[in-house]
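Here's the structure, in structure tokens; my notes come after.
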Amino acid sequence: MFEAIVVGTSIFIFGTVATYMRQLPKIKRRYDYAVMIFILTFNLVLVSPVRSEIIVGLALDRLATVGMGLAICICISIFIFPMWASDELHYSTAFKFQKLASCVDGSLEEFYTIPNDTETLQSTVMQTCKSILHSKTNEESLANLARWEPWHGKFGFFHPWEKYLEVGETLGELAAMIFTFYGYFQSSKKASSVMSQATKEPTEIVMLSLVWILREFGESIKKMKRCRASVLITPKLQSMKLQLNLIYSADSTVEAQENDEKFKITCSSLLMEIVAKMDLLVKELEGLEKLAKFQTEKYE
């Protein structure tokens, strides 16, 4: 009777603690399967007859099963059909930069032509931005798997996969800002054509620069070579900030209505936020280049 109480209490306590630990983010990302195996093995051993030879044999059988499964998975993943999570994370991060740049570049021509039906433009931008935002969970899973992979190709044991997640998160925030700007501009029916033309020049400056910078970043990550951030991109961002301040601080030659003035101020604020987020993205990428030891690109 006493033995049954001890067994039941132990199963409840250890099962509760292990189940709770599975919900912790760090444990769930890295050791979820291991904790589940521990719960199953612990319960199986504990409820078995309390004889040392049976318990030891059962534990050895479980260990051998886990070892064989691990060996088979490693052999298939390395020698037969290699699929590296690190490669997928690396190239998917570079692809997101290219994808967002192509989306902005492709929709820029239609940006100031406000048709009767704006759903096509908004749908394109929305789908691209949402795909970037929703890729966070998949990237976290890939980064977790990449930490356990052996040294292969350009990726060593201490490659900064956490920095990839930080870069991806900042890019997602930038995508959200771009979608907000597009959505506000296209849905603002009260903006006069005069004010639309007044915002056209600064918008084109920011968006064209954004396209160029994103493509530079994408190529830099893909080739693992240092971007020209400190040479060209950072001064360009500073120049954009000055131009936006000059354009929106200048007095308008047309007496703007209240709604038009609100439209102008909102566009100015959103563009400034986009430029600030781009500046932060430059710093994040510089940190990735340093930690991942990107090669210095030679310019002719």
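Note down all Cβ pairs under 7 Å where the first residue falls in the stretch 128-146 and is farther than 27 Å from THR180 by Cβ, the second is of a type in the set (Ser, Thr, Tyr), and they're at least six residues apart or on different chains.
These pairs meet every condition: ALA143/TYR164; ALA146/SER86.
Tell me yes or no: at least one residue of the stretch 23-34 is of a type in the set (Gly, Ala, Ser) and over 30 Å from ALA175 (Cα atoms). Show your work before the answer.
Of the residues in the stretch 23-34, the ones of a type in the set (Gly, Ala, Ser) are 34.
Pick out the ones that are also over 30 Å from ALA175 (Cα atoms) and you get 34.
Within the stretch 23-34, one or more residues are of a type in the set (Gly, Ala, Ser) and over 30 Å from ALA175 (Cα atoms).
Show me the helices (runs of 4 or more DSSP H) found entirely inside the stretch 1-90 where at least 2 residues are surrounded by 15 or more Cβ atoms within 10 Å (Cβ to Cβ) and under 39 Å from the mean Cα position of the chain (by Cα).
It comes to 2-22, 25-47.
Based on what the data block shows, is GLU201 of a type outside the set (Ser, Thr, Tyr), modelled with pLDDT of 70 or more and either exposed (fewer than 15 other Cβ atoms within 10 Å of the Cβ) or touching a Cys at 6+ places or on another chain (Cβ under 9 Å) (or both)? Talk me through it step by step, then tell me what you get.
On the way: of a type outside the set (Ser, Thr, Tyr): yes; modelled with pLDDT of 70 or more: yes; either exposed (fewer than 15 other Cβ atoms within 10 Å of the Cβ) or touching a Cys at 6+ places or on another chain (Cβ under 9 Å) (or both): yes.
Spelling it out, GLU201 is indeed of a type outside the set (Ser, Thr, Tyr), modelled with pLDDT of 70 or more and either exposed (fewer than 15 other Cβ atoms within 10 Å of the Cβ) or touching a Cys at 6+ places or on another chain (Cβ under 9 Å) (or both).
Of ALA250, ALA256, ALA276, which residue is closer than 15 Å to PRO202 by Cβ and modelled with pLDDT under 60?
Working: ALA256 fails: closer than 15 Å to PRO202 by Cβ; ALA276 fails: modelled with pLDDT under 60.
Of the residues listed, the single one that is closer than 15 Å to PRO202 by Cβ and modelled with pLDDT under 60 is ALA250.
List the number of the failed condition for LEU145; all other conditions in (1) within 27 Å of CYS73 (Cβ to Cβ); (2) modelled with pLDDT of 85 or more; (3) assigned to a helix (DSSP H, G or I) hold.
Failing condition for LEU145: (2).
Test SER77 against the criterion of being farther than 23 Å from ILE13 by Cβ, at pLDDT 85 or above and among the hydroxyl-bearing types (Ser, Thr, Tyr), and give yes or no.
On the way: farther than 23 Å from ILE13 by Cβ: yes; at pLDDT 85 or above: no; among the hydroxyl-bearing types (Ser, Thr, Tyr): yes.
For SER77, the condition - farther than 23 Å from ILE13 by Cβ, at pLDDT 85 or above and among the hydroxyl-bearing types (Ser, Thr, Tyr) - is not met.
Out of curiosity, is VAL231 touching an Asp or Glu at 6+ places or on another chain (Cβ under 9 Å), at pLDDT below 75 and over 21 Å from PRO160 (Cα atoms)? Break it down stepwise before answering.
Numbers: touching an Asp or Glu at 6+ places or on another chain (Cβ under 9 Å): no; at pLDDT below 75: yes; over 21 Å from PRO160 (Cα atoms): yes.
Spelling it out, it is not the case that VAL231 is touching an Asp or Glu at 6+ places or on another chain (Cβ under 9 Å), at pLDDT below 75 and over 21 Å from PRO160 (Cα atoms).
Would you please list the contacts, defined by Cβ atoms under 9 Å and residues six or more apart or on different chains, that run from a residue in the stretch 81-109 that is within 20 Å of LYS130 (Cβ to Cβ) and free of Cβ contacts under 8 Å to residues at least 60 places away in the same chain to a residue that is of a type outside the set (A, V, I, L, M, F, W, C) and outside any helix (DSSP H, G or I)?
Every condition considered, the pairs that remain are SER92/SER135.
The values are calculated or read from the model by the stated rules, or taken from the named source; none is laboratory data. These figures come from a predicted structure and were not determined experimentally. We place every Cβ from the backbone using ideal geometry, glycine too, and count neighbours over all the protein chains shown.
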